[in-house]
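Student: Before I ask anything, here is the structure I am working with.
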Amino acid sequence: MLSLKSIVSNRLTKKEINKICLLKDKQWKYGFNSQVKWFKNNIKKYDIHNLLFINSKIIGYTLLRKRTCKIININKKIQYLLFDTLTIDKKYRNKKLSSLLMSFNNAVIKQSGFFSFLICSNNTIKFYEKNTWKRLNEKLFDVADHTFSTNGMIFNKKTFEKKVSFFINK
């Protein structure tokens, strides 16, 4: 039986964190201990973890990290959700489960009242567009504390009229 669950970091059990790190290590092979270390060093207590289960097994995961961005010309800071990490267990891919998880993410983002921003490669743009994300004009944003040469996309916001600087690590 499929089920979806959204949990903030400070409510995750150690067992759930370990299961998330094991799933992530299947896609990004840095080693389980490295995944746990990254989790401890980068996850804040109010970040949101969206989990897709078959029975009690975690087979899909996304992370929405509460961060800030700054509208450059008016020097105004606003909060947003950084969409960071989307993974589906290899055994369950090509079954439209990533779209199911994306629909859930979009509902969680809307419910939060924030907009969301992600960085993606050229080969995933169509997937996110199919899931109602919009590509940002590269002249309207930058990422202040992370170097990248890919694409920025947003959800739950039309666009920006002024240039925005996103902070990923703050």
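The values are calculated or read from the model by the stated rules, or taken from the named source; none is laboratory data. All values derive from a computational prediction rather than experimental measurement. Using ideal geometry, Cβ is built from the backbone for each residue, glycine included, and neighbour counts are taken over all protein chains shown. Each accessible area value is taken on the protein alone, full model and side chains, heavy atoms only, with ligands, DNA and RNA left out. Shrake-Rupley method; radii C 1.70, N 1.55, O 1.52, S 1.80 Å.
Student: Being touching a residue at least 12 places away in the same chain (Cβ under 8 Å), at negative phi and open to solvent by 40 Å² or more (accessible area, probe 1.4 Å) narrows it down to one residue among Phe83, Phe53, Phe104; which is it?
Tutor: Matching residue, one of Phe83, Phe53, Phe104: Phe104.
Student: How about the stretch 128-170: which of its residues are among the aliphatic types (A, V, I, L, M) and within 19 Å of Thr62 (Cα to Cα)?
Tutor: If the condition is that a residue be among the aliphatic types (A, V, I, L, M) and within 19 Å of Thr62 (Cα to Cα), then Met153, Ile154, Ile168 are the ones that fit.
Student: Further question: Among the residues of the stretch 6-46, which ones are within 22 Å of Ser98 (Cβ to Cβ) and open to solvent by 90 Å² or more (accessible area, probe 1.4 Å)?
Tutor: Selection gives Leu22, Lys29, Tyr30.
Student: Under 6 Å between Cβ atoms, which residue pairs at least 6 apart in sequence (or on different chains) link something in the stretch 123-146 that is without any contact (Cβ under 8 Å) to a residue 60 or more places away in the chain with a partner that is among the aromatic types (Phe, Trp, Tyr) and not in a strand (DSSP E or B)?
Tutor: Short answer, once both residue conditions are applied: Leu140/Phe160; Asp145/Phe167.
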